[in-house]
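Engineer: My questions all concern the structure below.
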Amino acid sequence: MAGDDPQAGADGPPPPDDAPVSPSGLAARLGGTPLEPSEAMPRWVPRAIMLFFVGVVGLAVARWLLGELKDLLITILIALFVSFAMEPAVNWLAARGWKRGWATGLVFVVFVVFSLLFLGALGKVVADEVVNLVDSAPGYLTDAEEWLNETFGLELSGDDLRDQLTDADGPVRSFATQAAGNALGISASVLGIVFQFFTVALFAFYLVADGPRFRRVICSFLRPDRQRQVLETWEIAIQKTGGYIYSRALLALLSGVAHWIAFEIIGVPYAIALAVFVGLVSQFVPVVGTYLAAALPAFIALVGSPFDAVLVVAFATFYQQIENYVFAPRISARTMDLHPAVAFGSVLAGIGILGGIGALLALPFSAVVQALGSTYIERHPVIDSDMTSEPAASGSGRSSLVLRYWRARRTRRAP
């Protein structure tokens, strides 16, 4: 009977062999200490471990893809900013009855024509100056020899120097041989630049010509509220980038005209070509563009007369001050409103990330980011504090004291 078996009465019948066993029961069967429910492994831990390893593999694959597609992504980024710069002009033509494709083609043709004219004029200047320098080299060498001998008491001989320069194992022949050996590499680099230019032009053309259709495709994957944000962001990018390009182009035109007049008065050769060079380089090359723009005409003027070179540098410095305080604030007031420190830091960051291309894209990109921040980030009133208030002019400076002294003196002299 059941009463004769105390274990059977107390514990009941033994469970079947195929019944599920809890962690605590498994530990009891194995002779260990039963596990508490809180000590068992949570169900999300294996899944988290799996997701971690999948994420590591995904990051590795993404890094490999970015490395392989870096050139393509940079090309698309450049084309996107070029399309931002072109779209205001295309929209202006389209609003006046032009078909979008024809308007885009016209803007492209104007851009390419001006680029070719600039490169052709600059190439002519460089080629002519190299020829003039080679033709005048013997005279320069003789003048330098006489000046060194008279100034430092040397006994240099022009014939010996010419023999050293024209020696088969001399530096000139070695440089010419090395340049001839690198001709193939230089040609390949030029072809690569031309191919990249046409690639950027092709992407930019389709981004502008099919801009509305392209934006509709992107918005079709988003909710209506997200669509408004994307379109507003796109519009801000177009306004800021286009405004930057057109304001810089106007400043380049003013700079080119002013320097052309100055070069004609001074008597610098190739005045028109050098003025175009100064206008474009000073406006579209950030930070160092002003100095690079003045260096070439100053060097060409130096070949003819050192005094002319001094006049070129003086006028470039004088015009830069007029541009900074008169032209640029009025022209760029509604297009680019970047603090100089922010602009300089953006250019350095662009150079570090993408090199020269990054330097050109840094300013419009920073303007777009600043505009988006001012649009979508809420700003609050600033409390009054000594740390945030600008000190008022106290009038206790030396110039104020001098003015007060002269005013008091005139008052005493008055009848």
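The values are calculated or read from the model by the stated rules, or taken from the named source; none is laboratory data. Computed from a predicted model, the values in this text were never measured in an experiment. Here Cβ is always computed from backbone atoms with ideal geometry, including for glycine, and neighbour counts include all displayed protein chains.
Engineer: Do we find a residue being at pLDDT below 65, surrounded by 10 or more Cβ atoms within 10 Å (Cβ to Cβ) and under 32 Å from the mean Cα position of the chain (by Cα) anywhere in segment 171-180?
Structural biologist: yes
Engineer: Please name all residue pairs, on different chains or six or more residues apart, with Cβ atoms under 7 Å, provided the first residue is in segment 50-78 and is farther than 23 Å from G350 by Cβ and the second residue is in a helix (DSSP H, G or I).
Structural biologist: Final answer for the pair search is none.
Engineer: When segment 308-329 is examined, which residues are found to be buried (at least 16 other Cβ atoms within 10 Å of the Cβ) and aromatic (F, W, Y)?
Structural biologist: Result: F315, Y319, F327.
Engineer: Quick test for you: out of V109, V194, pick the one residue that is exposed (fewer than 11 other Cβ atoms within 10 Å of the Cβ), within 29 Å of A271 (Cβ to Cβ) and either at pLDDT 65 or above or touching a Ser or Thr at 6+ places or on another chain (Cβ under 7 Å) (or both).
Structural biologist: It is V109.
Engineer: If L80 satisfies every condition in (1) at pLDDT below 55; (2) touching a Leu at 6+ places or on another chain (Cβ under 9 Å) but one, which is the exception?
Structural biologist: It fails just one condition, (1).
Engineer: Among the helices (runs of 4 or more DSSP H) confined wholly to segment 261-374, which include 3 or more residues that are under 24 Å from the mean Cα position of the chain (by Cα) and free of Cβ contacts under 8 Å to residues at least 24 places away in the same chain?
Structural biologist: Here the list reads 289-304, 340-354.
Engineer: Out of everything in segment 348-370 that is buried (at least 17 other Cβ atoms within 10 Å of the Cβ) and small (G, A, S), what residue ends up being nearest to L280 (Cα to Cα)?
Structural biologist: Per the criteria, the residue is A359.
Engineer: Here is a follow-up. Any chance segment 240-248 includes a residue that's at pLDDT 90 or above and either of a type in the set (G, A, S) or within 30 Å of P329 (Cβ to Cβ) (or both)?
Structural biologist: no
Engineer: Here are some conditions: (1) at pLDDT below 85; (2) assigned to a helix (DSSP H, G or I); (3) loosely packed, with under 12 Cβ neighbours inside 10 Å; (4) aliphatic (A, V, I, L, M). V217 meets all but one. Which one does it not meet?
Structural biologist: Just one mismatch for V217, condition (1).
Engineer: While we're here: Keeping to segment 287-307, report how many residues are crowded, with 19+ Cβ neighbours inside 10 Å and not hydrophobic (A, V, I, L, M, F, W, C).
Structural biologist: Within segment 287-307, residues that are crowded, with 19+ Cβ neighbours inside 10 Å and not hydrophobic (A, V, I, L, M, F, W, C) number 2.
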